[in-house]
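Here is the structure we will look at.
Values quoted throughout were computed directly from the atomic coordinates according to the rules given, and no laboratory measurement underlies them. On a predicted model such as this, the values are computed, not experimentally measured, just so you know. Quick reminder, even Gly has a Cβ in these numbers, built from the backbone with ideal geometry, and neighbours come from all protein chains shown.
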Amino acid sequence: MQRFVIKTGDTNEPALCPLCGRLFDQPQGLQIALADGLTPVCLDCGRRHAAPLLSLIRLASSAERILWKGRPLMSLRLEEWLALENAAWNYVHGNDGRSHS
Ligand SMILES: [Zn+2]
């Protein structure tokens, strides 16, 4: 059984997925990789084999995108609260990161 980790990618150059063999664009920032060798896997394989890690990446990315500006929480717009809530809901319920609504 493969083990997976979350790693930080510093390039968006295309890479071959070690699981399905397809060429994919690596996301800059957090991505799912094989624990052995830290080779990044494509989004489909990450969703299929490591859905909880993908949900965690999406939660972290949503929080970073919305909160990184250091704004007070009370200044967030409704759609920003909903995006954070959606990402948190998916993580807690083990969804693969797609919207629950
Ligand atoms: Zn793949």
Counting other beta carbons within 10 Å of each Cβ, put Asp10, Asp25 in order, fewest first. Asp10, Asp25
Percent relative contact order for segment 35-101, counting Cα pairs under 8 Å at least six residues apart, stands at 40
Which angle between 0 and 90 degrees, to the nearest 10, do you get for helix 78-92 versus the longest principal axis of the chain when only C-alpha atoms count? 40
Let me know the shape class of segment 1-49, please: from the alpha-carbon gyration tensor, a ≥ b ≥ c as square roots of the eigenvalues, rounded when a/c is under 1.5, otherwise prolate if a/b is greater than b/c, or oblate. oblate
Size of charge dipole - the chain - debye, nearest 20, with Cβ of Lys, Arg +1 and Asp, Glu -1, no other charges: 140
Relative exposure of Glu80, Glu13, judged by other C-beta atoms within 10 Å (fewest first): Glu13, Glu80
Can you tell me how much longer the chain between Leu23 and Ala63 gets when fully stretched, taken as 0.36 nm per residue apart minus their C-alpha distance, in nm with one decimal? 11.5 nm
In nm, to one decimal, how far is the modelled label at Ala35 from the one at Arg3, with both set 7 Å along Cα→Cβ? 0.3
Helix 51-67: angle to the longest alpha-carbon principal axis of the chain, degrees 0 to 90, nearest 10? 40
In whole angstrom, the spacing between the Cα centers of segment 1-17 and segment 38-99 equals 18
If you take the charge dipole of segment 1-49 about its Cα centre, with +1 on Lys and Arg Cβ and -1 on Asp and Glu Cβ, which of Asn12, Gln26, Gly46 is farthest toward its positive end? Gly46
Exposure proxy check: Ser75, Ser61 ranked by fewest other beta carbons within 10 Å? Ser75, Ser61
Inter-label distance, nm, simple model (7 Å from Cα along the C-beta direction), Asp10/Ala88: 3.3
